[in-house]
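Report on the structure given below.
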Amino acid sequence: MIGLNRTVKAGNAGAGTGSFRQRLAHDSAGVTVIEFALIAPIFLMVIVGSLDLGQMVYAKAVLDGAVEKAARDSTLETGDTQLADRAVKKAVQEILPAARVSATRKSYFDFNSANRGEELDDVNGDGECSPGEGYTDLNGNDQWDADLGSAGTGGANDVIVYTVNVEYEPVFAMPMVPLDWSTREISATAVKRNQPFGKQNGSYSARPRTC
């Protein structure tokens with residue numbers, strides 16, 4: 001009898017354990033909390049990332065428009081480049097507070113020469129005018145120029161490449177991303193020809209030279 005009682009108790013204990021496991025397997029209490037903990041970080045990153053991208057796209061559109069207007073205003077003989085730069089900076093900082101705005105201007109004789117250098121027979125492929133290599137001297141200064149542009153607003157009829165660079169810390173910074181993402185950069189460029197308020201100075205020719 002004693003042995004039989006022990007067998008029955010052991011059987012009941014096993015049945016109870018199996019029943020507990022079944023209940024535990026079908027218990028869904030707290031699942032929502034776990035799902036939220038897994039999905040919430042991704043969801044928040046998508047939201048913040050969308051806001052960050054939206055701010056950048058909007059700022060880029062504002063910058064493009066401001067640079068175009070500033071470039072046109074600067075082509076006049078009476079154009080004030082400092083005033084134009086300040087207008088661009090003001091327009092940008094209304095969207096990107098504390099943004100760092102820098103502007104450069106390069107003048108060229110014509111559109112074909114904008115943002116390009118003199119042709120170079122770069123034999124060794126180092127990107128430099130090495131002794132013995134030939135080049136085409138377009139501006140007549142007897143040296144090879146990687147960029148034909150001259151800093152500044154140039155003169156009458158000169159082509160001006162106006163570039164504005166903007167660095168800023170985003171209002172909606174992305175969490176859990178590399179530190180080098182903490183700063184954003186956008187830029188805009190406008191190419192305009194100065195008004196013919198006088199005779200254009202200089203000219204380009206094609207004279208072969210050797211480094």
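No value in this document is a laboratory result; all are computed from the given coordinates. Here the structure is a predicted model, which is why all the values come from computation and not from measurement. Here Cβ is always computed from backbone atoms with ideal geometry, including for glycine, and neighbour counts include all displayed protein chains.
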| For the range 68-183, rounded, prolate or oblate, judged on the Cα gyration tensor with a ≥ b ≥ c (square roots of eigenvalues), a/c < 1.5 rounded, else prolate if a/b > b/c? | oblate
| query | What does the highest-first list of 137-144, 63-70 look like by mean Cβ count within 10 Å? | reply | 63-70, 137-144
| query | If Lys and Arg each add +1 and Asp and Glu each add -1, what is the summed charge of the other residues whose beta carbon sits under 14 Å from the beta carbon of residue 70? | reply | +2
| So for the range 31-210, taking the charge dipole from beta-carbon charges (+1 Lys/Arg, -1 Asp/Glu), which of 112, 83, 57 sits furthest toward the positive end? | 83
| Protection-proxy order for peptides 95-107, 73-85, each taking the mean of Cβ atoms within 10 Å per residue, highest first | 95-107, 73-85
| task | Using a cut-off of 10 Å between beta-carbons, work out the net charge of the residues near residue 159 (Lys and Arg +1, Asp and Glu -1, residue 159 not included). | result | +1
| Using modelled amide H (1.01 Å from N, peptide plane; none on Pro or chain starts), what sits under 5 Å from the amide H of residue 197, excluding residues fewer than 5 places away? | 157
| task | Filter the cross-link list 89/199; 69/199; 69/89 down to pairs whose alpha-carbon distance in this structure exceeds 23 Å. | result | 89/199; 69/199
| Hey, got the dipole for the range 31-210? About the Cα centre, +1 on K and R Cβ, -1 on D and E Cβ, debye to the nearest 20? | 840 debye
